Each structure stands twice: as structure tokens, then as C-alpha cells.
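Trainee: Below is a structure I'd like to ask you about.
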Amino acid sequence: MHAQPKASHFVDGRYVEDTAGQEITCIFPATGAAIATVYSATPAIIERALASAARAQREWASFAPVERGRVLRRAAGIIRERNEELSQLETLDTGKPIQETRVADATSGAEALEYFGGLAATLTGETIPLGGDFAYTLREPLGVCVGIGAWNYPTQIACWKAAPALACGNAMVFKPSETTPLCALKLAEIFVEAGAPAGLFNVVQGYGDVGAALATHPRTDKVSLTGSVPTGRKVYAAAAEGIRHVTMELGGKSPLIIFEDADIENAVSAAINANFYSTGQICSNGTRVFVHKSIEEQFIARIAERSTKAAIGDPREDTTQIGPLISRAQHEKVLDYIEIGKSEGARLVFGGGIPQGHEGKGFYVEPTLFSGVTDDMRIAREEIFGPVLSVLTFETEDEVLARANATDFGLAAGVFTKDLTRAHRMMAALEAGTCWINTYNLTPVEMPFGGVKRSGVGRENARAAIEHYSQLKSVYVAMGDVEAPF
Ligand code: NAD
């Protein structure tokens, strides 16, 4: 098994190699086997990528908007035709089960390209009457946008950034996570095939230093990062040096609140999706599950019954529902947190270890549930990014709201209740950028996605993303003489 790309980088419309950079080994998380090697971008590659993006951007911005939209929609069509091949690559790159990648990765990328492809021709400024005079605004691209990705959704993240950026007339240089370097290269190939000018979407590989070089380069007009809060802090500061635009999609420790009147089976399904899908490696996961005291026992019994039946295995198998974590480092981190949970006095209800048969093979951790978790425990405060669910109990609405909001993060939140007014009261009061009533973790492209507080700035998806990839130029038009004091 191997997934070696033709070369490490994709610059100016073609694959480019430069083996002078640091070696990056791509590991298949289910076995720990090396499946590809790429090389970190040297300063020369970074220069070439940004220069070609700047050149392509000028050409692209002169396309009729409807033509830009057509290219994006063509790219979406190619992605859909190749979904199987792209899903298999995503599974190798990330270790996520093929039954997930077939429906959640390339397809959600295609949706973003369809949505923003459709929007491209509708992006306009406005006319502002001023009595006799008037003003108008031009909606202009920012120029060269840098995208920096996390490893959990490599194709989706690349598309969620590229689609609105390109729709607005920008070019992009994308740096995938060093852990998942493969999928974005396929997207770059597909853009060229769809008719995008060479250099419009470039991919350069590298660790944080390459991300930092891109974020501080004078040619860069905008930086969009998906990553952790500590990285966000650094990238935001680096972008601020050049007063660059930013979008920061960062981490979370989101609350999922289940009131006593909730439909328990649906709440259990949501808690499963919010903690164990993608082996728990989703930024918006509802990892603090606040369950009303009166239904705690019933909730835990049902989630235990369902979760312990999950099929853990080789992510390439159709039947596998839970695959490995992304890397050895993440595996150690999650197992450490499980030990921390135990030592803090939380009760381990199920999971907590390496699944049988996977000891020493790949980076597997069982779906794990702790009950009796209190707000001060580290497992309730820190982002684990693995399949570890904490159950906390509550008695009143005011109490749970205060506790849910008592965090520096603010990415997402969910509420399960049949009480309509309570649901909307909670939505208004929860400090989170993306919220759900009676479901969890659905992120359709039509709905803005992003965080408040430390979880980020800016929004991806929906019309909201346009504001973060374009800027307005105001033009005042005088229709009469110019008055002056002397
Ligand atoms: P990370 O912060 O370690 O890395 C993210 C990216 O930033 C990588 O490409 C990395 O190489 C790059 N990077 C690291 N240091 C940099 C620097 N100084 N300058 C520029 N770039 C730098 O995150 P990760 O471990 O890859 O991903 C997991 C994190 O991402 C979690 O915290 C998760 O919540 C978050 N995440 C957020 C969203 C969202 O949309 N809000 C989505 C997915 C993941």
C-alpha cells in the first residue's frame, strides 16, 4: 500500500519537487506504516508559489464572475465523479473509516464549490443615493490568500477556504497539515482540470515554520487558519504585523445540554456523533455533555449499550465505524487524558483503553465515557480531540447555562429539549458561534460556521464567508460643482 504523490508541491499549475526541504513521512494511522514521503517547502518554493498566485490572481479577477463560478462548479463535478478514489485517499491520509469519508469529505468539499460557484456571479457592491451626488461600492478581492489546514478534514478544510476565496476573485496558497499532506494536492490537480489559471490554487507542504513564512510574507493579503488556539494566537499575531485579514477557525470544548424532557434516543445519537464520529477528532464536538440529573442513569445506560457495539477496525473496510486516531502523538495525548480523568476522580463507565487486537498496531483508542465529571477537572476544561465523552449533571437551566459558558472557548453548543421557548432562550444566551437545537454537528455549507471567544474570528461557509474574502471600495461621485472655503 502506498499513496506517494507525483511530487511534494503543486505550484503554478503543476507538480514541483525540491528534496532540499525537511522530509515529512506520511503514516497510515491504522498500521503505523509509511505510505508516502514529501518534503517541506524551501524558501524558493514558497516564493514561487506566492509569485504564481499573484500572477494568476490578476488573470482570474478579470474573468467574468459567471465564468469563475463555472470553473468552481466544474471542479465540484470532477470531485463528485472521483469521490471513491478521493475518499480512499482521505482514508489513507487520516485513518477515518471509508464509510465516513465517502459521505463527509470530498462530497462536502464539492458542496462548498457548488455553493460558492453559484454565488460568484451575484457578488456586487451597492449604489448609495446622497441627494444630488451618489456613491457606489465595488466588492473587490483581497488578493493572495494563504490557507493553513488542520489534519482532521484535509479535503473539506481546503475546499471551505478555497471555494469562497476563489469565488471572490482571490488566489490561494494552501499549506496542509504536515500530518495529512496528500488530499489537497488532488484538489490542486482538479482545479487545473476544471479550467482555473495555473497558479490560482497552489499547495506547499511543511511544518509550522512554512505556515509562519507564508503568514508573514509581504505578498500575502489574508491568512485563514484552521488549527488549535495556541497556533491561532501565533498566526493572528504574525498576520497583524502586516495588518493582514484573518479567519481563525480554532478549537473548542463545547457543551451539549440535555434537558429532562429531551427525546433520549435522539440525544444519545447526537452525543455519539458529537464525541465518537471521526474518532472524536472534530473541533466543534460537544465533549461536555450536561445531562439533567433525573435522566442521567437512563442516558448513560443507553449510550453505553450503543457505543460498546461500535465496529472498531481497519478504516478501509466498509463495515468499520471507528478508526484510529491520526498519529502516535495524538494517541499518547488521548491516553494521557484518560489517565488524567481517572486520577481526577471521574468514573470510567466504558472504554478507556486500546481496543482488543489493536495493541501496538495503529493508533486506536476505544470510545470512552466518564461520568461524575466536575467543571474543574482538566478533562472538562481542555480540548482532548479524541473519543472521550464527559458526562456532567445539572439541575436548573440557569445553572447549566452559567456552567456551559464558563470556558474561554466558544465554538459550538447544542441543546436537547422539547420546550420551544427554553430552546430559544438558551440559543440567545449560549456563548458559542455555531449552535444546534435537537441535533448536533450538522454543518451545511448554507449555514455560517465559526467560533466566538478564543475559538476564532471570522466565519466560513454561507454568504458570511464572502465578507472575509472580499473588501469594499467606496466611490463618491460628484454631480455638481466643488465648494471650497476660499
Ligand atoms: P495545529 O494548530 O497544531 O496546526 C494547524 C496548522 O497550523 C498546521 O498546518 C500546522 O503546520 C500549522 N502551524 C503550526 N504552527 C504554525 C505557525 N507558527 N505559523 C503558521 N502555521 C503554523 O492544529 P492540528 O493539531 O493540526 O489540528 C487540531 C486543532 O485544530 C484542534 O484544536 C481543533 O479544534 C482545530 N480545528 C478547528 C476547526 C474549526 O473549524 N474551528 C476545524 C478543525 C480543527
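The values are calculated or read from the model by the stated rules, or taken from the named source; none is laboratory data. The shown structure was predicted, so the numbers you read here are calculated from the model rather than taken from an experiment. Here Cβ is always computed from backbone atoms with ideal geometry, including for glycine, and neighbour counts include all displayed protein chains. Ligands, DNA and RNA are excluded from the accessible area calculation, which covers all protein heavy atoms including side chains. Shrake-Rupley method; radii C 1.70, N 1.55, O 1.52, S 1.80 Å.
Trainee: Can you give the accessible area of Arg80, probe radius 1.4 Å, in Å² rounded to 10?
Mentor: 100 Å²
Trainee: Give the residue list of GluC sites (Glu not before Pro) in the range 338-422 that are DSSP loop and have at most 15 other beta-carbon atoms within 10 angstrom.
Mentor: Filter output for the range 338-422: Glu359, Glu382, Glu395.
Trainee: Provide the net charge surrounding Thr42, with neighbours chosen by a C-beta distance below 12 Å and charges set as Lys +1, Arg +1, Asp -1, Glu -1.
Mentor: For residues surrounding Thr42, the net value is -3.
Trainee: Would you mind pulling out the separation of the Cα centroids of the range 64-121 and the range 324-365, in Å?
Mentor: 33 Å
Trainee: Can I ask one more? Please provide three numbers in whole Å: the alpha-carbon extents of the range 283-378 along the principal axes, with the largest listed first.
Mentor: 41, 26, 26
Trainee: Put +1 on the Cβ of every Lys and Arg and -1 on every Asp and Glu Cβ in the range 1-89; which of Ala33, Ala76, Leu50 then has its Cα farthest towards the positive end of the dipole?
Mentor: Value: Ala76.
Trainee: Where Lys and Arg each count +1 and Asp and Glu each count -1, what net charge lies around Pro315 among other residues with Cβ under 15 Å from its Cβ?
Mentor: Local charge sum for Pro315: -4.
Trainee: Extension gain Ala406-Glu265, at 0.36 nm per residue separation less the Cα-Cα distance, in nm?
Mentor: 48.0 nm
Trainee: Among the listed pairs Lys161/Lys186; Lys293/Lys418; Lys175/Lys222; Lys418/Lys453; Lys186/Lys253, which have their C-alpha atoms separated by more than 21 angstrom in this model?
Mentor: As for pairs spanning more than 21 Å Cα to Cα, those are Lys418/Lys453; Lys186/Lys253.
Trainee: Taking Cα pairs under 8 Å and at least six residues apart, what relative contact order does the chain come out at, in percent?
Mentor: 18 percent
Trainee: A further question on this structure: So which trypsin sites (Lys or Arg not before Pro) in the range 175-251 are both in a DSSP loop and have at most 14 other Cβ atoms within 10 Å of their Cβ?
Mentor: none
Trainee: Working from the alpha-carbon coordinates of the range 329-486, get Rg over Rh, Rh being the Kirkwood radius.
Mentor: Working: Rg = 23.2 Å, Rh = 19.3 Å.
Taking Rh as the inverse mean 1/r over Cα pairs, Rg/Rh reads 1.20.
Trainee: Also: Please enumerate, by chain and number, the aspartates and glutamates with C-alpha under 15 Å from the C-alpha of Lys234, excluding those fewer than 8 residues away in the same chain.
Mentor: Cα-Cα hits under 15 Å: Asp209, Glu249.
Trainee: Could you give the length gained on full extension between Ala20 and Arg328, defined as 0.36 nm per residue of separation minus the Cα-Cα distance, in nm?
Mentor: On the way: separation 308, 0.36 × 308 = 110.88 nm, distance 2.60 nm.
Once the chain is fully extended between Ala20 and Arg328, it gains 108.3 nm.
Trainee: Taking only the C-alpha atoms, wrap a convex hull around the chain and report its volume per residue in Å³ as a whole number.
Mentor: 167 Å³
Trainee: Rounded if a/c is under 1.5, else prolate if a/b is larger than b/c, else oblate: which is the range 23-127, with a ≥ b ≥ c the root eigenvalues of its Cα gyration tensor?
Mentor: Verdict is oblate for the range 23-127.
Trainee: Any chance you could run the full-extension gain for Val482 through Arg233? It's 0.36 nm times the residue separation minus the Cα-Cα distance, nm to one decimal.
Mentor: That pair, Val482 and Arg233, stretches by 84.8 nm at full extension.
Trainee: Here's another thing I want to ask about it. If DNA, RNA and ligands are ignored and the probe is 1.4 Å, what is the ranking of Phe299, Phe409 by accessible area, most exposed first?
Mentor: Phe409, Phe299
Trainee: Can you give me the Cα centroid spacing of the range 223-286 and the range 19-45 in angstrom?
Mentor: Computed from Cα coordinates, the inter-centre distance equals 27 Å.
Trainee: Moving on. At a 1.4 Å probe radius, which order do His424, His468, His2, His9 fall into by accessible area, largest first? All intermediate terms of the calculation are to be shown ahead of the outcome.
Mentor: Details: His424 105, His468 50, His2 135, His9 0 Å².
Highest to lowest solvent-accessible surface, that is His2, His424, His468, His9.
Trainee: Hey, how many Å between the Cα centroid of the range 407-486 and the Cα centroid of the range 176-218?
Mentor: After rounding, the separation between the Cα centres reads 27 Å.
Trainee: Please label the shape of the range 43-86 as rounded, prolate or oblate, based on the square roots a ≥ b ≥ c of the eigenvalues of the alpha-carbon gyration tensor (a/c under 1.5 means rounded; beyond that, a/b larger than b/c means prolate, else oblate).
Mentor: oblate
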